[in-house]
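The values are calculated or read from the model by the stated rules, or taken from the named source; none is laboratory data. Quantities reported herein were computed from a predicted structural model and do not represent experimental measurements. When we count neighbours, we look across all protein chains shown, and the Cβ atoms used for this are built from the backbone with ideal geometry, even at glycine. We work out accessible area using only protein heavy atoms, side chains counted, and drop any ligands, DNA or RNA first. Shrake-Rupley method; radii C 1.70, N 1.55, O 1.52, S 1.80 Å.
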Amino acid sequence: MGLGFPTRPTRLAFGPLAYQNRFEPQEPGKEIGKTIFNGSFWQIAGMGVMSFRAFAAFDVTGAGAVAATPEVHAEAWDPEAGVAPALAKQATGQIRLTYAATYPDETGDAQATALGPVMATVMITAGAALLYHATAQTLASLREVDVFIFNAANPPVLADPINQRVAVWIM
């Protein structure tokens, strides 16, 4: 397994925790010293642990209909944006986002998809008469996300928004 996504490399994945310079940098503008080198790996590993791995945005049209794939999607493991996840309405106010079981890493080896925590929001559309909010959960398969959309009633009820965009961020 390489360092590419879907792997989240720890600091140890980059090698020893404290690289040493054989010689001190002679030209600081062209050479990197051990402090910058080690600190850079620390920052890269930290960003990998904390950053979102995937984003999808899809439009919900009349009667809660959705397209087969999101209008916008991006995945850290697929920098070419080649394969979009699938979308399917499950029930009123419930839409499922499904990713493939595996994706290739940077060396081409298949890696199991393992999605983490997720968050969702309904983006406010100009002229929208009703407000909605959303929540989401990653399912046990670790490759599916259910998005639940609620109206602004008290208490909130699952509802199909009309002509609204839903955005989903996945860790």
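Go through region 51-89 and report how many residues are touching a strand residue (DSSP E or B) at 6+ places or on another chain (Cβ under 8 Å), surrounded by fewer than 12 Cβ atoms within 10 Å (Cβ to Cβ) and of a type outside the set (A, V, I, L, M, F, W, C).
Adding up the residues that qualify gives 0.
Determine the pairs where a residue that is in contact (Cβ under 8 Å) with a residue 40 or more places away in the chain, located within region 142-171, has a partner that is open to solvent by 70 Å² or more (accessible area, probe 1.4 Å) and hydroxyl-bearing (S, T, Y) with Cβ atoms under 8 Å apart, the partner being 6 or more residues away or on another chain.
Short answer, once both residue conditions are applied: L158/T92; A159/T92; D160/T92.
Does T107 satisfy being on the phi < 0 side of the Ramachandran plot, surrounded by 14 or more Cβ atoms within 10 Å (Cβ to Cβ) and hydroxyl-bearing (S, T, Y)?
The answer is no for T107.
For region 114-171, which residues satisfy the criterion of being modelled with pLDDT of 90 or more, of a type in the set (S, T, Y) and part of a loop (DSSP other than H, G, I, E, B)?
Selection gives S141 alone.
Hey, any hits in region 42-50 for a residue that's of a type outside the set (D, E), within 27 Å of R165 (Cα to Cα) and either loosely packed, with under 14 Cβ neighbours inside 10 Å or modelled with pLDDT of 85 or more (or both)?
Checked region 42-50: at least one residue is of a type outside the set (D, E), within 27 Å of R165 (Cα to Cα) and either loosely packed, with under 14 Cβ neighbours inside 10 Å or modelled with pLDDT of 85 or more (or both).
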